[in-house]
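The values are calculated or read from the model by the stated rules, or taken from the named source; none is laboratory data. What you see is a predicted model, and the numbers here were worked out from it, not measured in a lab. Using ideal geometry, Cβ is built from the backbone for each residue, glycine included, and neighbour counts are taken over all protein chains shown. Calculation scope for accessible area: heavy atoms of the full protein, side chains included, ligands and nucleic acids excluded. Shrake-Rupley method; radii C 1.70, N 1.55, O 1.52, S 1.80 Å.
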Amino acid sequence: MAGSSMEFWFEFDNFFNPSFGKVGQDVLAAYAAIGGPFGVRDAWRGHRDDGTYPDGFRDEMAPNSTPLLQLADQQLAIFDKHFAGDAAAEQNAFEEFGQGINFDDRRPHGDKVHKMDTGAPGRPPEAYHAWHAFIRAVVLLGADEDRWLRMNRNLGLAWAIQNEARPADDTPDNPPLPEDRLKALREAWLVLDADELDTAFDNEPLSPNLTAAVPPSEPGPG
């Protein structure tokens, strides 16, 4: 039976986000070895810009395959603990994350909403690109391509949702996107292959509009 999105994100963030002060030494050591999540993103971006992707990116990541694949296995373990392979529940967790509708009073002031990054709605999130680059790295190093493609599609969907919903920090009633808009975003993002996701994430800081037939909804108040 799948668990709740909020409990998943609470455990996931505590396990991987150093700002909450609960990250284990093995995770911190892995981050140090790979130059941190944004180091992987910067390498991905550099190889995309230089035309040396994917081979150059894979070659640059290869010396750090052990810590990268360790982090990948640890991420999947938490997903499996909470969702037990339920793909719909995983997708829902990403959709709720992008909308910022899970207010969690256990979290510190300024970070009580489970979403990507703080500073919204005025500042677009940056860490979606870091997670995408990480996913591409571990797949190129031999991680389960199908499992991580599903994750990467969900990630792109959450990115697109958050860029429209623009949830605010510490707000217990961030409005969800209309269901018809969510449906359009799902139809656009959940069919992309790995190359198409790379192309989508070449866009910064905002996600591309892949749903031209359905105009973006107005962001909620915040």
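Spin-label model, Asp59 to Asp105: label points 7 Å out along the Cα-to-beta-carbon direction sit 5.6 nm apart. Ellipticity at 222 nm from helices only: DSSP H runs of n ≥ 4 in the chain, each -39500 (n - 2.57), divided by the residue count, give -18500 deg cm²/dmol.
Applying 1/(1 + (r/R0)^6) with R0 = 30 Å to the Cβ-Cβ distance of Asp117 and Thr66, what FRET efficiency is obtained, to the nearest 0.05?
Values: r = 28 Å, r/R0 = 0.94.
It comes to 0.60.
How far apart, in nm, are the 7 Å Cα→Cβ label points at Phe38 and Leu141? Between Phe38 and Leu141, the label points sit 2.1 nm apart. Using the Cβ-Cβ distance between Asp26 and Asp195 with R0 set to 22 Å, the FRET efficiency works out to roughly 0.10. Membrane-span-like helices in the chain (whole DSSP H runs, Cα extent of at least 27 Å along the helix axis, mean Kyte-Doolittle hydropathy of at least -1.0): 145-165. Taking label positions 7 Å along the Cα-Cβ direction at both Ser19 and Gln74, the computed distance is 1.8 nm, reported to one decimal.
Could you work out how far the C-alpha centroid of the range 148-171 sits from that of the range 34-99, in angstrom? Taking the Cα centre of the range 34-99 as reference, the centre of the range 148-171 is 15 Å away. Total lysine pairs in the chain at Cα distances under 20 Å, for residues eight or more apart or on different chains: 4. Here the accessible area of the chain is 53 percent carbon and sulfur, with a 1.4 angstrom probe and all protein chains present.
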